[in-house]
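Below is one structure, written out as structure tokens; the observations come after it.
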Amino acid sequence: KSSLNAVKTGLTGQTVLLPTDDVAEYEQHMLRYQDDFAPVGQRETDLVCSIAETAWRLKRIPTLEYSIYAVGHLELAQDFEDHDPAVRPNLIQLAVHLKYEKQIRNLQLQEARLVRRRQKEIAELTRLQQERQAQQQQEPAPQTRPSVPLPQNGFEFSNALASQPLQCLDNNDG
């Protein structure tokens, strides 16, 4: 628990999965990214994991923003009870925005940072996969031996050798 004291939103740092997150849903999310991108090798796998983690963090932002406005609305609603009911919701919305402007701006900055990171990693993964596919196309196909008719006995050694008795060394013969 104490290691998560500094974790507030889970948008930064090493902790991706918060205690309130659904572990099974997170695992399915990660598997879908593995299936979609089909990484080969450690570098591609690491990029796919990072892309999936970034997407998981991005998915959290709208909920956080909504939560800020919901808490702020509950907190500030009574301040506007005497105002015209037609403009009251807008006044509350503005007051919440002004009061929590720093937190909302921070969410927007984190979102922009995460989107740039995801775009950069997808571009890198695409480049790696294209290089790998180009290299696979340039590699010569495995050579197969030309089809040669088999001799009468069905083996690829001469008929003269096939007619000689097989001599096995006995352990006592040295």
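The values are calculated or read from the model by the stated rules, or taken from the named source; none is laboratory data. Being a predicted model, the structure only gives us computed values, none of them experimental. Glycine also receives a Cβ, built like all others from the backbone with ideal geometry; neighbour counts cover every protein chain displayed. Note: accessible area is taken over every heavy atom of the protein model, side chains too, but ligands, DNA and RNA are not part of it. Shrake-Rupley method; radii C 1.70, N 1.55, O 1.52, S 1.80 Å.
Here is how the numbers come out for the structure above:
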{"quantity": "Criterion (open to solvent by 80 Å² or more (accessible area, probe 1.4 Å), assigned to a helix (DSSP H, G or I) and of a type outside the set (D, E, K, R)) met by exactly one of T63, T54", "calculated": "T63"}
{"quantity": "Subset of segment 20-36 [buried (at least 17 other Cβ atoms within 10 Å of the Cβ) and touching a Ser or Thr at 6+ places or on another chain (Cβ under 9 Å)]", "calculated": "none"}
{"quantity": "Conditions (1) closer than 30 Å to E53 by Cα; (2) open to solvent by 80 Å² or more (accessible area, probe 1.4 Å); (3) in contact with a helix residue (DSSP H, G or I) (Cβ under 8 Å, 6 or more places away or on another chain); (4) not acidic (D, E): number failed by V71", "calculated": "(3)"}
{"quantity": "Test: residue in segment 132-145 that is surrounded by 12 or more Cβ atoms within 10 Å (Cβ to Cβ), at pLDDT 90 or above and either outside any helix (DSSP H, G or I) or not hydroxyl-bearing (S, T, Y) (or both)", "calculated": "yes"}
